[in-house]
1. List pairs: first in the stretch 214-231 and within 12 Å of Ala116 (Cβ to Cβ), second crowded, with 18+ Cβ neighbours inside 10 Å and of a type in the set (Asp, Glu), Cβ under 7 Å, 6+ apart or cross-chain?
2. Provide a single number: the residues in the stretch 26-37 that are buried (at least 16 other Cβ atoms within 10 Å of the Cβ) and within 10 Å of Glu103 (Cα to Cα).
3. For Glu103, state whether it is more than 21 Å from Leu187 (Cβ to Cβ), acidic (Asp, Glu), surrounded by 14 or more Cβ atoms within 10 Å (Cβ to Cβ) and touching an Asp or Glu at 6+ places or on another chain (Cβ under 9 Å).
4. Can you pull out the helices (runs of 4 or more DSSP H) entirely within the stretch 124-197 that have at least 2 residues that are buried (at least 23 other Cβ atoms within 10 Å of the Cβ) and either in contact (Cβ under 8 Å) with a residue 24 or more places away in the chain or within 11 Å of the chain's Cα centre (by Cα) (or both)?
5. For Glu108, work out the one condition from (1) in contact with an Asp or Glu (Cβ under 7 Å, 6 or more places away or on another chain); (2) not in a helix (DSSP H, G or I) it doesn't fulfil.
6. Look through Gly140, Gly189 and report the one residue that is closer than 23 Å to Cys227 by Cα, small (Gly, Ala, Ser) and in contact with a strand residue (DSSP E or B) (Cβ under 8 Å, 6 or more places away or on another chain).
7. Give the stretch 198-225 a look and list any residue that's farther than 20 Å from Gly157 by Cα and surrounded by 24 or more Cβ atoms within 10 Å (Cβ to Cβ), or say none.
8. Pick out the one residue from Arg169, Arg162, Arg204 that is closer than 25 Å to Leu67 by Cβ and of a type in the set (D, E, K, R).
Amino acid sequence: MLDVSRIRAITLDLDDTLWPIGPTIRRAEATLQAWLGQRAPATAALCAAPGAIREVRQQMNSQRPDLAHDMSALRRESIRVMLMRAGDDPALAEPAFDAFFAERQRVEFYGDALPALAFLSSRYPLVALSNGNADVQRVGIGHHFCAAFSATTLGVGKPDPRMFQVGARAAGASPEAVLHIGDDAHLDGVGALNAGMQMAWVNRGGHAWEHPVHAPHVTVAELRSLCELLS
């Protein structure tokens, strides 16, 4: 059960907690494909071939484990490999990624997200923790956060307890005094609980919790309900 009296700070996931990531990535990939179609048509055709992108991503995962926590670098290098395979200029990888990345920052918030951010940040130090590469400043919500960390910047990602510990320190609180809010039962849930935090599971899809050893302190279908509990 959630103990509101203990909470001195909040860490918060981004993708699929504040906005749905699937539509965001699909729009960004469509933007990338259109960019390549104008400047590197051979690469665009290769990217459109069934299984081609999946093969390159598998290759990157096996050959570049050093980039496992850097979504931007993985995407950029995958584009570079596709350009080289198609016989196009690999130097286009950087501007091609920039086109993708700019669109990736154009998110469509869940209806409860912005009011919840305003509520939470007015009451607690708020720290963003994400395994993805959303930039809270470019997304337009940076003013709500006292700090933001990604797996890219830290070199580790959720569920590694070190990511949560960094978030707690940035908020000026011990892990026991922090509430972590997120949608992923394993990455957010088990990770935060192993770090000693309280955990609020934002379960918008009505999924079953499948971790018998751990359990969230509270489960909500939307952030509005959590804000009511915290008020």
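1. Qualifying pairs under 7 Å: Glu222/Asp112; Leu223/Asp112; Arg224/Asp112.
2. 5
3. Criteria met by Glu103.
4. In the stretch 124-197, the matching helices (runs of 4 or more DSSP H) lie at 161-171, 191-194.
5. Of the numbered conditions (1) in contact with an Asp or Glu (Cβ under 7 Å, 6 or more places away or on another chain); (2) not in a helix (DSSP H, G or I), the odd one out for Glu108 is (1).
6. Gly189
7. Leu223
8. Arg162
Any read-out appearing in this document is the output of simple, stated calculations on the displayed coordinates, not a laboratory observation. Bear in mind that the values here come from a model prediction, so they are computed numbers and not experimental data. Positions of Cβ are backbone-derived with ideal geometry, glycine not excepted, and every protein chain shown enters the neighbour counts.
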